[in-house]
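Structure first, commentary second.
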Amino acid sequence: MANVTLRDVRKTYAGGFEAIKGIGFEVGDGQFCVLVGPSGCGKSTLLRMVAGLETITSGEIDIGGRIVNQIEPAERDIAMVFQNYALYPHMSVYNNMAYGLRNRRMPEPEIDTRVQEAARILELAAMLDRKPRQLSGGQRQRVAMGRAIVRQPKVFLFDEPLSNLDAKLRIAMRVEIRKLQRRLQTTAIYVTHDQLEAMTLADILVVMNGGQVEQIGNPLEIYQKPATTFVASFIGAPPMNLMPLRGDEIKAQFAGERRAASEAGILGIRPEDFVISSDSIAGGIALDLNVEAIERVGAETFIYGTRQHAIQGIAANPGELPPGEVIVRIPGADAPGIGERIRAIAPRGKLHLFSADGRQRIDL
Amino acid sequence: MVEHRPWNDIIAYAILTLGVFIVAFPVYLALIASTHDAGTVVGGNMPLSTGGHTLENYYRAVFVGGSRTAREPVGHLLLNSFISATGIAVGKIFISILSAYAVVYFRFPFRKAAFWIIFVTLMLPVEVRIYPTYKVVSDLHMLDTYAGLILPLIASATGTLLFRQFFMTIPDELLEASRIDGAGPFRFFWDTLLPLSVTTIAALFVIQFIYGWNQYLWPLLITTQDSMQTIVTGIKKMLTTTDELAEWQLAMATAVLAMVPPVAVVVFMQRLFVRGLVETEK
């Protein structure tokens, strides 16, 4: 049981590439912290630095009150679950779990107790004599979890542990991981690029981009109040609709606000915050859309429309919508036909406003 | 397009049969010749069926040696060959697995240079460096010893290369998992790398055992006593006679015996590494 504290951690590779540009946050005892971000944002590097598999260029990493910068991975009292599980192919399931304990010269009866206990929790008891290649993907994943559990470490580190599983199993394992972590009360740091995993697992969510933290906080808070347009478009699927507005448009839309009126900005609306209606809405926003595509997924329907009076757009970043396109999410399967014109309205309280560079949220 | 015409098959099989015949006939002839007495073999009309001197010939070859020239019995030569071929194969595997481990898993100054130097030695087989090697071996007083037969031949770029390629296919996460599990460099090598390399080791053993067994020039050069000869050089010396009939029947028996251990190694080890290949999937 331990806190994990990062203080202004940086990583610069030999070639001069700065992968981590000064990150600091704290994960409390027993909390589940998720690092999320697009590929190449440095989230895995950061996790590997906590594990001790990458050196730390500057800053401090503190696990349970001990600065671990110069400490070998095995001495850090952590356990890691890898994306490809990294099971020892020539060892049985039992030995895979026992190996780390044997290296610590733990007495064999105690090893046996721990392995049996882990196997029971993970429902692996019938497979202890099998080799990893005789197991299915989900079972291998559980062995990798077992290897982490038997160590009874201060911190679990997960490096995209579910991305090699199929969609159904991924959801099931996601729930299992969360239950297990709750039960063991062990601090966990979990890396993923899947925002759904991030939202459902995290006590603390750390959204990363380009080696920096974009936002840290409770997942729901982040969802409801994204700090930047990056977070707004990364968290939530489909992404938030982002529309650049000129200063005068903002002035017209948000008349009477304390905000300086003439500055340009970016308006954000989540797809589910729209309602299709012919009314206009006081203080809210109404968009006239041409329906271009419909996606029915049963319980809900996504409408892809283009704005009729297109606001001149900025170029889209990956994961963002092309300028002019708006996604509207409505419950049920009743949807307008392609080519129809609809009006989507969103109430005032559901609007998000960001500075023109997208780096800052402006509270309305 | 794959066409199925009976003629194609017939032609293909005819060519294959011819190939097998070309390879196998001399071996068959050696086998036959080793069962006749000296007169029949030298007479010029080699029968194609076995003669009645099998046991006598093999007994003499293995335990007595040639009568006319005082030679070592083949049993002893076989032992010499076996010791040196095994020594060469084991030594090569030992050295090359360690050097590949160093080159792949350790960061040290001039690592690339070290690898390239090893690589370049591919172009320097024994035949090319034979004089300096001979000089070194004789200065170390290793002429006519097993060490002299084995040591100069165990450095192997091929083996290093093979292990290097194999190690590079092992995912880095396995090393990282080992580090987190508290395994140091030696434990990782012993507990993980070595068990995973078994099939590669078997393959290399087959190749290098045969390489060692078939050495001719080097043993010829550094052995002067008959008791240190290998079987391959021994066969040659059996046929070097001045004014007497060469004992072809004994030479053929020796040749047949010389074939047995490499064939046994191939058959036995091949089974091992085919099984390994079938079972391993990553």
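Read-outs: derived from the displayed coordinates by stated rules, not from any lab. Quick caveat: nothing in here was measured; it's all calculated off a predicted structure. Virtual Cβ from ideal backbone geometry, glycine too; neighbours counted across all protein chains shown.
Among A:F274, A:F230, B:F119, B:F205, a tally of other beta-carbon atoms within 10 Å of each Cβ gives an order, fewest to most, of B:F119, B:F205, A:F230, A:F274.
Under a Gaussian network description of chain B, with springs only between Cα atoms under 10 Å, the residue in B:M269, B:M228, B:M168 that fluctuates furthest is B:M168. When chain A is treated as a Gaussian network with alpha carbon springs shorter than 10 Å, the biggest mean-square fluctuation among A:T301, A:T45, A:T229 belongs to A:T301. The Rg/Rh ratio for the stretch A:79-121, using Cα coordinates for both the radius of gyration and the Kirkwood hydrodynamic radius, is 0.97.
Look at the alpha carbon pairs under 8 Å that are at least 6 residues apart: their mean separation over the length of chain A gives a relative contact order of 16 percent.
The charge dipole of chain A, taken about its Cα centre with unit charges on the Cβ of Lys, Arg, Asp and Glu (plus for the first two, minus for the last two), comes to roughly 860 debye. Each of A:G65, B:S81, A:G337 was placed along the dipole of the protein assembly as shown (beta-carbon charges, centred on the mean Cα), and the one lying farthest toward the positive end is A:G65. Taking the charge dipole of chain B about its Cα centre, with +1 at Lys and Arg Cβ atoms and -1 at Asp and Glu Cβ atoms, the residue from B:F25, B:N8, B:V232 reaching farthest to the positive side is B:V232. Listed from fewest to most Cβ neighbours within 10 Å, the set B:I201, A:I71 follows the order A:I71, B:I201.
For peptide B:165-174, the mean count of partner chain Cβ atoms within 10 Å of a residue's Cβ comes to 3.
If you wrap the tightest convex hull around every Cα atom of the protein assembly as shown and split its volume per residue, you get 262 Å³. Taking 27 Å as the limit for the C-alpha separation, the pairs A:K131/B:K92; B:K135/B:K237; A:K154/A:K225 exceed it in the case of A:K131/B:K92; A:K154/A:K225.
Cβ-to-Cβ counts within 10 Å put A:Y88, B:Y131, B:Y211 in ascending order as B:Y131, B:Y211, A:Y88, the fewest first. What share of all Cα pairs of chain A, in percent, falls into each consecutive 20 Å distance bin? Over chain A, the share of Cα pairs per 20 Å bin runs 26, 47, 24, 3 percent.
Across chain B, the longest run free of exposed loop sites, meaning GluC sites (Glu not before Pro) lying outside DSSP classes H, G, I, E and B with no more than 13 other Cβ atoms within 10 Å, spans B:4-126.
Relative contact order, whole percent, for chain B stands at 30, derived from Cα pairs under 8 Å and 6 or more residues apart. Over the residues of the protein assembly as shown, the helix contribution to mean residue ellipticity at 222 nm works out to -13000 deg cm²/dmol, using -39500 (n - 2.57) for each DSSP H run of at least 4.
So, with +1 on the Cβ of K and R and -1 on the Cβ of D and E, and no other charges, what is the size of the charge dipole of the stretch B:154-236 about its Cα centre, to the nearest 20 debye?
Once rounded to the nearest 20, the dipole reads 320 debye.
For a straight C-alpha distance cut-off of 20 angstrom, the lysines reachable from A:K168 (same-chain residues fewer than eight places away being disregarded) are A:K179. Label positions at B:Y59 and A:R10, each projected 7 Å from the Cα along the C-beta direction, are separated by 8.8 nm. Here's the list of lysines a cross-link from A:K43 could span, going by alpha-carbon distance under 17 Å and ignoring same-chain residues fewer than 8 apart: A:K11, A:K21. Computed from point charges on the beta carbon alone (+1 for Lys and Arg, -1 for Asp and Glu), the dipole magnitude for the protein assembly as shown about its Cα centre is near 660 Debye.
For the residues B:W248, B:W218, B:W190, a GNM of chain B with alpha-carbon springs under 10 Å puts the largest fluctuation on B:W190.
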